[in-house]
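Okay, structure first, notes after.
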Amino acid sequence: MKKDVIIACDFSSAAQTFAFLDRFTERKPFVKIGMELFYSEGPQIVRELKARGHDIFLDLKLHDIPNTVKKAMHVLSSLGADIVNLHAAGGSEMMRAAVEGLTREDGTRPLLIAVTQLTSVSRERMNEELRIPGSVEDTVRAYARNAKASGLDGVVCSPLEAGLVKDACGADFLTVTPGIRFADGDTGDQSRVTTPAKAKEIGSDFIVVGRPITAADDPIAAYMRCVNEFCD
Ligand code: C5P
């Protein structure tokens, strides 16, 4: 898959999502469906957006015992999403089970990526509450290596961590990065942010962009600005 801009469709209904996406007539955006939209509309939203021609990153961040994750991934695989994800914290047995569950009879499967550490988790919280010692970067590197060894295709990480993931796991291991803002834009509640151009320079494969596009006065212009800065 080529480098692309993924729009985070953080809407609560299908109607709002379709009204928003119908405005993009020139280029069908790759879209991310998160928990809010999936839980309010159900699996049909994935089939429907796929039928409308969008590539889909289904961001449900699974984390459970291996057998449960395997069976859930089997269901998600049948919906036609292009990228799905889970928490690397679930461990290698869970990740290997996920790959098995995702793989269809013909051997194909969606790309599977792992969340390493959420960007909302600080070093203090990770050390003291989650009881993981060391730096966030060390955990991201170790979790990314574990994800790769378990057969996954990449990780979700901060764009600022994309370089260290590539160094640890190789250029082909995908980095999908939220936390994107324009140089002249608001950062909102994201703390570790960078621009689409800088994310490209660091080595990100897909940028996930929500409010800088969805809340823009002209979402199509904002999307095209991301595409022009990030895509080849
Ligand atoms: O609006 P904004 O560009 O901040 O949206 C970023 C999207 O990426 C949201 O859907 C958010 O849930 C998601 N995300 C994130 N940080 C992570 C993982 C996912 O911002 N570590």
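The values are calculated or read from the model by the stated rules, or taken from the named source; none is laboratory data. Note that this is a predicted model, so its numbers are computed, not measured. Positions of Cβ are generated from backbone atoms using ideal geometry, with glycine treated the same way; all protein chains shown enter the neighbour counts. Surface accessibility is based on the protein's heavy atoms, side chains included, excluding ligands, DNA and RNA. Shrake-Rupley method; radii C 1.70, N 1.55, O 1.52, S 1.80 Å.
Lys and Arg at +1, Asp and Glu at -1: add these up for the other residues within a Cβ distance under 15 Å of residue 131 and post the number. Here the charged neighbours net out to -2. Among 86, 118, 102, the residue with the largest mean-square fluctuation in a Gaussian network model of the chain, with springs joining Cα atoms closer than 10 Å, is 118.
Straight-line cross-link partners of residue 148 among the lysines, defined as a Cα under 18 Å from its Cα and at least 8 positions apart when in the same chain: 61, 70, 166.
Computed over the chain with a Gaussian network model linking Cα atoms closer than 10 Å, the most mobile of 147, 89, 114 is 89. Of the listed residues 74, 54, 87, the order by accessible area with a 1.4 Å probe, largest first, is 74, 87, 54. Ranking 159, 183, 116 by how far each Cα lies toward the positive end of the dipole of the chain (charges on Cβ) leaves 116 at the top. Rounded to the nearest angstrom and listed largest first, the equivalent-ellipsoid semi-axes of region 15-120 from its Cα gyration tensor are 26, 15, 12. With contacts taken as Cα pairs under 8 Å at a separation of at least 6 residues, the chain carries a relative contact order of 19 percent. Dipole orientation for the chain: of the candidates 94, 107, 78, 107 has the Cα lying most toward the positive pole (charges on Cβ; Lys, Arg +1; Asp, Glu -1). Seen from all directions on average, the chain presents a Cα convex hull projection of 12.4 nm².
From helices alone, the chain scores -12000 deg cm²/dmol at 222 nm; the rule is -39500 (n - 2.57) for each run of n ≥ 4 DSSP H residues, then divide by the residue total. Backbone phi angles across region 12-28, fed through the Karplus curve with coefficients 6.51, -1.76 and 1.60 (θ = phi - 60°), yield HN-Hα couplings of 9, 9, 5, 4, 4, 5, 5, 4, 5, 6, 4, 6, 8, 8, 7, 9, 6 Hz in residue order; Gly and Pro are listed as x. Dipole magnitude for region 1-132: about 260 debye, using +1 per Lys or Arg Cβ and -1 per Asp or Glu Cβ, origin at the Cα centre.
Once you reduce region 132-161 and region 1-62 to the center of their Cα atoms, the two points are 26 Å from each other. In this structure the amide hydrogen of residue 115, modeled in the peptide plane, comes within under 5 Å of the amide hydrogens of 86, 87, 88, 156, none closer than 5 places in sequence on its chain. The relative contact order of region 132-211, computed from alpha carbon pairs under 8 Å that lie at least 6 residues apart in sequence, is 28 percent. Mean-square fluctuations from a GNM of the chain, with a 10 angstrom spring cutoff on Cα atoms, peak among 107, 53, 185 at 107. Within the accessible area of region 116-184, the carbon and sulfur atoms contribute 48%, probe 1.4 Å, all protein chains present. For region 151-159, putting each phi into the Karplus relation 6.51 cos²θ - 1.76 cosθ + 1.60 with θ = phi - 60° gives couplings of x, 7, 9, x, 9, 8, 8, 5, x Hz, in residue order, rounded to whole numbers and with x for Gly and Pro. Which of the aspartates and glutamates could a cross-linker span from residue 71 if the Cα-Cα distance has to be under 19 Å and same-chain partners fewer than 8 positions apart are dropped? Hits, sequence-local ones excluded: 59, 82, 93, 100, 105, 106. Shape analysis of region 111-161 yields a ratio of the Cα radius of gyration to the Kirkwood radius, Rg/Rh, of 0.98.
Charge dipole of the chain (Cα centre as origin; +1 on each Lys and Arg Cβ, -1 on each Asp and Glu Cβ, all else neutral): 360 debye, rounded to the nearest 20. Average accessible surface for the chain: 47 Å² per residue, computed with a 1.4 Å probe over protein heavy atoms with every protein chain in place.
For residue 28, the lysines whose Cα falls under 17 Å of its own Cα, not counting residues fewer than eight places away in the same chain, are 2, 3, 50.
Expressed as a fraction of 2.2 N^0.38 Å, the C-alpha radius of gyration for region 101-232 is 1.14.
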